[in-house]
Structures are given as structure tokens and as C-alpha cells.
Protein chains: 2
Amino acid sequence: MKKLVECVPNFSEGRRPEVIAEILGAIRETVGVQILDCSSDASHNRSVITFLGGPDEVKRAAFQAAARAKDLIDLTAHRGEHPRMGAVDVIPFVPVEGISMEECVELARQLGSEIAAKLDIPVYLYEAAATRPERKNLADVRRGEFEGLRETIGLEEKMPDFGPARVHPTAGAVAVGARPPLIAYNVNLATSDLGIAKKIAKSIRGSSGGYPSIKALGVILDDRNIAQVSINVCNFREVSLPRVFETVKREAERCGVNVTGSEIVGLVPQEALVDAAEYYLRLENFNKDQVLENRLK
Amino acid sequence: MKKLVECVPNFSEGRRPEVIAEILGAIRETVGVQILDCSSDASHNRSVITFLGGPDEVKRAAFQAAARAKDLIDLTAHRGEHPRMGAVDVIPFVPVEGISMEECVELARQLGSEIAAKLDIPVYLYEAAATRPERKNLADVRRGEFEGLRETIGLEEKMPDFGPARVHPTAGAVAVGARPPLIAYNVNLATSDLGIAKKIAKSIRGSSGGYPSIKALGVILDDRNIAQVSINVCNFREVSLPRVFETVKREAERCGVNVTGSEIVGLVPQEALVDAAEYYLRLENFNKDQVLENRLK
């Protein structure tokens with residue numbers, strides 16, 4: 001089976017389309033790589049590009065994109081709502097087909113080493129590629145952001161995994177890692193009470209004792225005047241969409257509130273939806289080779 | 001988008017593997033056609049081949065297979081449990097991607113006309129391709145089988161859509177048609193009472209006032225000593241898997257019996273599973289382009 005890896009680099013630029021176009025161009029130059037998605041957010045001043053291909057091609061394209069970002073983005077002039085520490089801020093590899101997490105960790109190490117050597121940018125390995133437990137969580141790696149890291153990078157606990165023990169003056173530092181596919185999943189509540197959404201979010205997320213692979217916030221959807229539990233399902237093989245949905249439903253019920261529906265934002269692996277069908281239909285002995293479309297290769 | 005049609009011809013031979021191998025070979029000769037599945041049943045004395053490709057290629061392969069079956073299978077010597085009227089008994093075209101039901105009906109007409117002209121076999125159009133309402137249902141078209149049809153084919157109501165008004169002496173007659181994908185779906189009950197499975201089957205199937213696109217039987221699974229509702233979901237866009245499952249669950253509950261699980265036999269279109277996820281997760285605004293694998297083309 002052909003090996004397929006997804007790469008989802010985040011860049012600290014969400015306002016100048018011409019810069020994003022140049023970075024996309026650098027990715028496209030690599031034959032065998034396919035760009036699936038690019039979304040820019042002006043208030044975050046950040047862009048997320050999703051692309052896919054064989055491991056070598058994806059690694060090469062990721063390096064080219066990082067090199068362009070280094071040339072085009074100056075963090076000393078960057079302002080935005082989203083925390084960031086680098087021009088290319090984070091580069092995760094995601095196993096999609098015929099490839100293990102371990103191989104993606106190895107890809108992250110190779111790319112990290114190359115970025116440090118050729119671009120002179122310090123690199124932190126995170127998530128499955130982390131070399132220390134306290135670097136698994138990206139938020140912990142990025143704490144202090146670009147400005148703070150300039151002060152602290154000399155400390156032992158802030159030593160980069162590759163590259164110089166000083167932040168690049170304009171391009172900062174970058175986190176490179178490997179992780180399962182992340183699903184952005186929101187559950188809508190039949191209430192405009194933000195407190196209830198926050199209470200439910202707190203009960204399911206790992207940081208407050210819920211599922212370790214779940215991140216969640218309570219928000220208000222202004223246009224519909226309803227509260228929403230906004231969720232990152234960070235490992236759907238560990239905690240699946242139906243388990244998240246049923247947990248939110250049960251917690252909402254305790255608060256006397258109905259769940260009106262849910263939504264998946266962006267891409268979702270077929271397996272996560274098939275899981276949901278298996279869960280609710282109580283499918284026995286189902287094999288993904290039974291999916292007609294999976295025979296078409 | 002590339003047009004993809006599935007073809008699922010049934011042949012009246014399930015005991016001589018060398019005959020099936022020859023028919024498979026005739027299909028394989030057509031470049032651009034992919035064989036997905038072949039299952040033979042000795043007691044039915046019948047084989048079902050599933051293959052896929054562009055409309056012209058699939059039509060050509062179906063004709064070649066019909067021609068080989070005519071040469072190799074003699075219905076005067078055929079015995080089996082499954083009703084049949086022809087060496088190649090039925091040839092349905094199923095729209096898979098980028099092609100409408102109407103185009104599949106046109107394919108069925110073209111193939112039917114070619115089989116009649118070149119193989120001298122009478123052809124009945126059925127399901128979406130039927131030219132009379134009483135020919136939509138395959139069981140009605142095939143009533144009397146090979147032996148009976150030899151007597152009745154001269155009657156006005158039995159006039160074939162193409163070809164001679166007499167049954168081919170050894171190859172019989174064939175039904176050619178177009179239909180949605182059929183899903184073989186079984187629901188298992190926590191009882192060994194066959195009567196309950198039969199009662200539930202009766203309540204959901206079209207022939208006794210249930211869903212028109214559902215066929216169902218009650219059976220006993222000897223190896224597990226449980227009763228099962230064995231179902232053909234003939235149009236999952238009309239009546240979906242979750243609707244069937246929930247209806248069976250409700251009917252079982254009325255009988256004081258639990259549903260232990262369900263199973264999909266053979267192939268299932270991805271859309272039918274995504275439907276189940278949408279139904280139970282109450283997904284809003286979901287688009288099948290959000291499925292990662294669907295971006296890989």
C-alpha cells in the first residue's frame with residue numbers, strides 16, 4: 001500500500017495573501033504532494049495549510065515552506081490573537097495510510113534536524129515526537145511565545161532539540177511533531193447560557209480531569225444566539241466522536257438543556273465516521289474493506 | 001469527475017469453479033474494468049460477480065460475460081434453490097460516481113438490445129429500466145422461471161423488451177436493469193424465537209405494508225442459536241440504515257426482546273455509513289468533501 005502522510009503546518013501570517021500564496025507555491029513545487037486546504041484568519045494573523053503525499057515528498061515540501069516563511073515573515077512585527085513562537089510556528093505530521101506513528105516521529109526528527117542545520121532556527125519536538133514528557137503538549141512548548149522565549153531559551157528546560165540555543169531574530173523557533181488526526185467538532189446547545197457550555201466543556205476536557213485527548217471551550221454563536229461546546233478531538237481512536245457526543249448530551253441533560261446538533265469543521269478521516277456508524281448500529285465484524293470506495297484504488 | 005458504474009450480474013452456476021473462472025476471464029479482458037467481488041453458492045447453484053468501471057467498459061465486459069455464460073451454462077441441466085430464468089440471469093447497473101440513474105437505464109437498454117441481437121436471448125428490462133410498472137420487481141419478471149417461461153413467453157404480458165418471443169433453448173432469458181446500490185443488512189435479536197424475527201421482518205418490509213424499498217425475512221442463525229432479521233436495504237437514500245435499525249429496535253422492544261447488534265454483508269457505499277453518522281450525531285451542514293479520503297483523487 002502506498003504510504004500517505006498529512007502535514008498541517010501553521011504560519012504566523014493571516015493578513016497578507018501574497019505571502020501565503022508564496023508559501024503555497026513552495027509546497028506545490030514538490031511533485032507528488034497535494035494541497036487539501038488552506039485557511040487564513042486575520043484576527044489570529046495565522047494560516048493553516050493541509051497537504052498530503054508520500055513521506056519523502058511531504059518532508060521536502062514542509063522544508064521548502066519553512067524556508068519561504070523564514071524569508072517572508074518577521075515576528076518582531078507580528079501581532080495576532082493566537083499564541084505563536086515562530087514564522088512557521090508548528091509542523092505536525094499525521095499518519096493517514098500505510099504508515100505508522102513511529103515513522104511519522106522519524107520524519108519529524110529528520111525535518112527538525114534539517115531546519116536547524118540549514119535555516120538556523122531552533123526546533124522543539126512535540127506530541128508523539130517529544131523527547132521529554134513536558135514537551136508533549138504544544139501549549140507548554142510555546143509558553144512565553146516568541147518574545148518570552150528570547151529570554152528563557154538559555155535555560156536547561158528550554159534547550160531546543162535541534163539548533164542554536166537562541167531564538168532566530170525574525171523567524172523565532174518552531175515546534176515539529178507527529179500526532180493523530182485532529183477533528184474540530186462542535187456540539188450546539190438549545191440555550192444561550194454561556195455558563196452551561198463552559199461547564200460542559202470543563203467536564204469533558206483533559207485539562208480539568210476529563211478525557212485526556214479532548215480539548216474543549218464554551219462559546220456563544222452570536223449569529224444564532226446559542227451556546228456551543230467547541231471541541232478538539234485529538235485522538236479519535238482513543239475517544240471517538242460518538243463517545244464525545246453522548247458525554248456532552250448526558251452532561252447537557254443534567255443541566256436541563258437539549259443538544260440540537262453537532263458539526264464537524266474541516267476535514268475528518270473516513271474511519272471516524274465509520275466508527276460512529278459502528279457504535280450506533282452496533283455493527284459486528286465490520287471491516288473497512290467493505291466500504292465500496294475503498295476498493296477503488 | 002470520472003463516471004463509475006457498478007455491474008452485479010448473477011450467473012446460474014455455483015458448482016463448477018472452472019466455468020466461473022472463464023466468465024471472470026471474459027470480464028477481465030476489458031481494460032478499465034475492476035472486479036471487486038465474486039461469490040458462488042453451491043446450494044443456490046449461482047454466482048454473483050461485482051465489477052466496476054466507466055460506463056462503456058462496464059457494458060462491454062457485461063456483454064462478454066453474458067456471451068461466455070450462454071456458451072457454458074445449460075439451463076435444461078441446472079438445478080438449484082434460487083429462482084432463475086437464464087444462464088446469465090440478471091444484470092443490474094448501479095450508479096456509483098458522476099453518473100445518474102437515467103444514464104444507467106440507458107446503459108441497460110443498450111446492453112439489452114445488444115444481447116438480444118447478437119446472442120438471440122430474450123431480454124426483460126426491470127427496476128429503474130422497466131418499461132411497464134409490473135416489471136419493476138425482479139421477482140415478478142422471473143415468475144415461472146426458465147421452465148414456466150417457455151410456455152408463457154408468447155402471452156402479451158410476457159413479451160420481452162428485446163429479442164425473440166421464445167426462450168433460448170439452453171440460455172433462457174435475462175433481466176437487465178438499473179437500480180440503486182443494495183445493502184445486505186442483518187439485525188440480530190437476543191432470542192432464539194424465530195416467530196419474533198418473522199414478525200419484525202413482516203412489519204418492516206414493503207410487501208406487507210412496511211417500507212417499499214425494504215425486503216426482509218426472519219431466520220435462525222444455527223451456530224449462535226439466535227433469531228435474525230435478514231434485510232435487503234434496496235434504496236438507502238429512501239430508507240437509511242439507521243432508520244431500519246431504529247425501526248427493528250422499536251419493534252423488538254414491543255416483543256420484549258433486545259437487539260444485540262447488526263451486520264453488513266459484503267460491500268456498502270461510504271455514503272450509507274456517513275448517513276448513519278449524520279443521523280446519530282445530528283450533524284449539521286456536513287458535506288462529503290469533508291471526508292479526508294475523498295480529497296485524495
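The values are calculated or read from the model by the stated rules, or taken from the named source; none is laboratory data. This structure is a prediction, so every number in the text was calculated from the model and none was measured. Because the Cβ atoms are built from the backbone with ideal geometry, glycine has one as well, and the counts that use them run over all protein chains shown.
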Which residue, of A:T50, A:T76, A:T30, is among the polar types (S, T, N, Q) and in contact with a Lys or Arg (Cβ under 6 Å, 6 or more places away or on another chain)? A:T30
Just to be sure before I move on: is A:V233 more than 9 Å from every other protein chain (Cβ to nearest Cβ), under 12 Å from A:N188 (Cα atoms), modelled with pLDDT of 95 or more and in contact with a helix residue (DSSP H, G or I) (Cβ under 9 Å, 6 or more places away or on another chain) in the structure I sent? no
Could you please find all residues in the stretch B:268-279 being within 7 Å of chain A (Cβ to nearest Cβ), buried (at least 21 other Cβ atoms within 10 Å of the Cβ) and in contact (Cβ under 8 Å) with a residue 24 or more places away in the chain? B:V268, B:L273, B:A276
Scan the stretch A:64-83 for residues that are under 18 Å from the mean Cα position of the chain (by Cα) and modelled with pLDDT of 95 or more and report the count. 2
Determine if the stretch A:250-260 includes at least one residue that is within 14 Å of another protein chain (Cβ to nearest Cβ), in contact with a strand residue (DSSP E or B) (Cβ under 8 Å, 6 or more places away or on another chain) and of a type in the set (S, T, Y). yes
Collect the residues in the stretch A:238-283 that are modelled with pLDDT under 95, assigned to a loop (DSSP other than H, G, I, E, B) and under 28 Å from B:A184 (Cβ atoms), keeping them in residue-number order. A:P269
If B:V265 passes every condition in (1) within 12 Å of chain A (Cβ to nearest Cβ); (2) within 26 Å of the chain's Cα centre (by Cα); (3) surrounded by 18 or more Cβ atoms within 10 Å (Cβ to Cβ) but one, which one does it miss? (3)
Helices (runs of 4 or more DSSP H) enclosed by the stretch B:122-216 - at least 2 residues per element that are charged (D, E, K, R): B:145-152, B:194-204
Only one of (1) closer than 22 Å to B:H168 by Cα; (2) among the small types (G, A, S); (3) touching a Lys or Arg at 6+ places or on another chain (Cβ under 8 Å) fails for B:S113. Which number is that? (3)
Before we move on, is A:E246 free of Cβ contacts under 8 Å to residues at least 12 places away in the same chain, buried (at least 18 other Cβ atoms within 10 Å of the Cβ) and either within 11 Å of chain B (Cβ to nearest Cβ) or out of contact with any His (no Cβ under 6 Å at 6 or more places or on another chain) (or both)? no
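A quick yes/no check of all residues on (1) within 25 Å of the chain's Cα centre (by Cα); (2) closer than 30 Å to A:V257 by Cβ; (3) surrounded by fewer than 21 Cβ atoms within 10 Å (Cβ to Cβ):
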position: A:I153; (1), (2), (3): yes, no, yes
position: A:E157; (1), (2), (3): yes, no, yes
position: A:A165; (1), (2), (3): no, no, yes
position: A:A175; (1), (2), (3): yes, no, no
position: A:A178; (1), (2), (3): yes, no, no
position: A:V187; (1), (2), (3): yes, yes, no
position: A:D193; (1), (2), (3): no, yes, yes
position: A:S203; (1), (2), (3): yes, yes, yes
With the first residue restricted to the stretch B:113-125 and required to be assigned by TED's automatic domain parsing to the domain that holds B:G163, and the second required to be aromatic (F, W, Y) and assigned to a helix (DSSP H, G or I), Cβ contacts under 7 Å at 6 or more apart or on different chains are B:E114/B:F63; B:I115/B:F63
Counted residues, the stretch B:34-58 - those being outside any loop (DSSP other than H, G, I, E, B) and surrounded by fewer than 21 Cβ atoms within 10 Å (Cβ to Cβ): 13
Report whether or not B:V31 is assigned by TED's automatic domain parsing to the domain that holds B:F93 and at pLDDT below 95. yes
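A quick yes/no check of all residues on (1) surrounded by fewer than 23 Cβ atoms within 10 Å (Cβ to Cβ); (2) in contact with an Asp or Glu (Cβ under 9 Å, 6 or more places away or on another chain); (3) within 27 Å of A:L4 (Cβ to Cβ):
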| residue | (1), (2), (3) |
| --- | --- |
| A:H82 | yes, yes, no |
| A:I91 | no, no, yes |
| A:I99 | yes, no, yes |
| A:R109 | yes, yes, yes |
| A:I115 | no, no, yes |
| A:V123 | no, yes, yes |
| A:R143 | yes, no, no |
| A:R150 | yes, no, no |
| A:F162 | yes, yes, yes |
